[in-house]
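*Asks:* The structure is given below, and queries will be raised subsequently.
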Amino acid sequence: MAYETLLVETDGPVGVITLNRPDALNALNDKLVTELGQQLDAWERDPAIGCVILTGAGRAFAAGADIKEMRVQSYMDAYGNDFITRNWERAASFRKPLIAAVNGFALGGGCELAMMCDFILASEAAKFGQPEINLGVMPGAGGTQRLTRFVGKSKAMEMCLTGRMMDAAEAERSGLVSRVLPADKLIDEAKAVAQKIASQSRPIAMMTKESVNASYETMLRQGVMFERRLFHSMFATDDQKEGMAAFVEKRPAKFSNK
Ligand code: CAA
């Protein structure tokens, strides 16, 4: 499918979506967010896809919601059209593993979109921030909630109240990103990680993601119980039998995704 605001490619079981409005630093307008949702819908349904990478063209992952599109909105436009809720959160509900490869600015909604992914790989040029306060608003796509869970109250509060950016090293130190890579290695390494994930059993990877995500949304006791029930259910899969047999027989596992 051809898009106006995205580039899409596959490499075997790995899908790569590149946000592609580089002249606007990939600012997230309604069209882009809608197209992103359409592609995620398609790959969620496609059994050939096991892992997806989200990245940005040019100097940015995304420099936030499109300010030029937003500035004319009234309260009733935002509330009435269910701004953000209507089409932004597809990344957060995507059921397969989703990696953000952040190559430059990830600001405002761009930082929030990266945080909706399962983990963030960053290039040394990455810059993260929630600068909405400079525009007379606050983060509106989950930033006050997700950033706080990633980096703790003190740093999240400082970032949201001052709008300052953090560099890749600070983002790694504070737990926002899983790893920092040289800019010219970012996409290759993201693809290697994605291939590794896609080579695992699809249902087991999906349930593992669900279980880690539950830790954000439940108290510890309910989270551990959720994990335990999913763990028990895995003994009903062919892939559990195959994975453990392969270990005992000292050979690579051949998962059937069943
Ligand atoms: N929306 C619309 N256009 C944007 C944009 C955005 N969020 N960010 C950058 N652009 C555009 C600029 O207007 C400029 O376009 P023109 O060439 O037509 O003037 C182009 O992208 C390049 O940007 P700059 O010239 O500003 O580049 P720079 O290197 O000087 O600065 C920057 C880079 C510091 C990232 C700066 O562009 C900037 O501060 N951008 C805005 C960041 C921001 O405030 N994001 C939060 C948006 S609000 C939000 O996201 C709400 C929410 O929570 C959902």
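*Asks:* With springs connecting C-alpha atoms under 10 Å apart, model the chain as a Gaussian network and identify which of SER74, SER199, SER123 has the largest mean-square fluctuation.
*Replies:* Per the Cα network of the chain with a 10 Å cutoff, SER74 tops the list.
*Asks:* For the chain, with only Lys/Arg (+1) and Asp/Glu (-1) charged at the beta-carbon, what is the dipole magnitude about the Cα centre, in debye rounded to 20?
*Replies:* Dipole of the chain, to the nearest 20 debye: 800 debye.
*Asks:* So which aspartates and glutamates can LYS191 reach, going by Cα to Cα under 15 Å and dropping same-chain residues fewer than 8 places off?
*Replies:* GLU9, ASP11, ASP118
*Asks:* Take every Cα pair under 8 Å in the chain that's 6+ residues apart, average their separations, divide by the length, and report that relative contact order as a whole percent.
*Replies:* Once divided by the residue count of the chain, the mean separation gives 16 percent.
*Asks:* Next question. Count neighbours as other Cβ atoms within 10 Å of each site's Cβ, and list the trypsin sites (Lys or Arg not before Pro) in segment 1-80 that are DSSP loop with at most 16 such neighbours.
*Replies:* Here the sparse-neighbourhood loop sites are ARG59, ARG71.
*Asks:* If Lys and Arg each add +1 and Asp and Glu each add -1, what is the summed charge of the other residues whose beta carbon sits under 13 Å from the beta carbon of ASP46?
*Replies:* Residues near ASP46 contribute +2 overall.
*Asks:* Between ARG95 and MET225, what is the spin-label point distance in nm, taking each point 7 Å from the Cα along the Cα→C-beta axis?
*Replies:* 2.4 nm
*Asks:* Additional query: Can you pull out the GluC sites (Glu not before Pro) in segment 154-258 whose DSSP state is coil and whose Cβ has at most 10 other Cβ atoms within 10 Å?
*Replies:* GLU249
*Asks:* Of the candidates PHE150, PHE231, PHE94, which one comes out as most mobile in a Gaussian network treatment of the chain with C-alpha springs shorter than 10 Å?
*Replies:* PHE231
*Asks:* Would you mind listing how long the chain runs along its three principal axes, going by Cα atoms, in whole Å with the largest first?
*Replies:* Principal extents (largest minus smallest coordinate, Cα): 62, 43, 39 Å.
*Asks:* For segment 54-66, just list the computed ³J(HN,Hα) in residue order, Karplus coefficients 6.51, -1.76 and 1.60, θ = phi - 60°, integers in Hz, with x standing in for Gly and Pro.
*Replies:* 10, 9, x, 7, x, 7, 9, 6, 6, 8, x, 4, 6
*Asks:* Which entries in the list LYS96/LYS196; LYS31/LYS196; LYS196/LYS254 go over 23 Å, if you measure between the two C-alpha atoms of each?
*Replies:* Violating the 23 Å limit, Cα to Cα: LYS31/LYS196.
*Asks:* If you average the C-alpha positions of segment 75-92 and of segment 1-43 separately, how far apart do those two centres end up, in angstrom?
*Replies:* 18 Å
*Asks:* Go ahead and set up a Gaussian network model of the chain, Cα springs under 10 Å, then flag whichever of THR208, THR218, THR148 fluctuates most.
*Replies:* Judging by the Gaussian network model, the answer is THR218.
*Asks:* OK, next. Grab the beta carbon distance between ALA236 and MET1, set R0 = 41 Å, and tell me the FRET efficiency rounded to 0.05. Intermediate values should be presented prior to the final figure.
*Replies:* Values: r = 35 Å, r/R0 = 0.86.
Computed FRET efficiency for ALA236 and MET1: 0.70.
Since every read-out is calculated from the coordinates, none of them should be taken as a lab result. If you're wondering where the values come from, they're calculated on a predicted model, not measured in any experiment. A quick note on method: Cβ atoms are made from the backbone with ideal geometry, for glycine too, and the neighbour counts reach across all protein chains shown.
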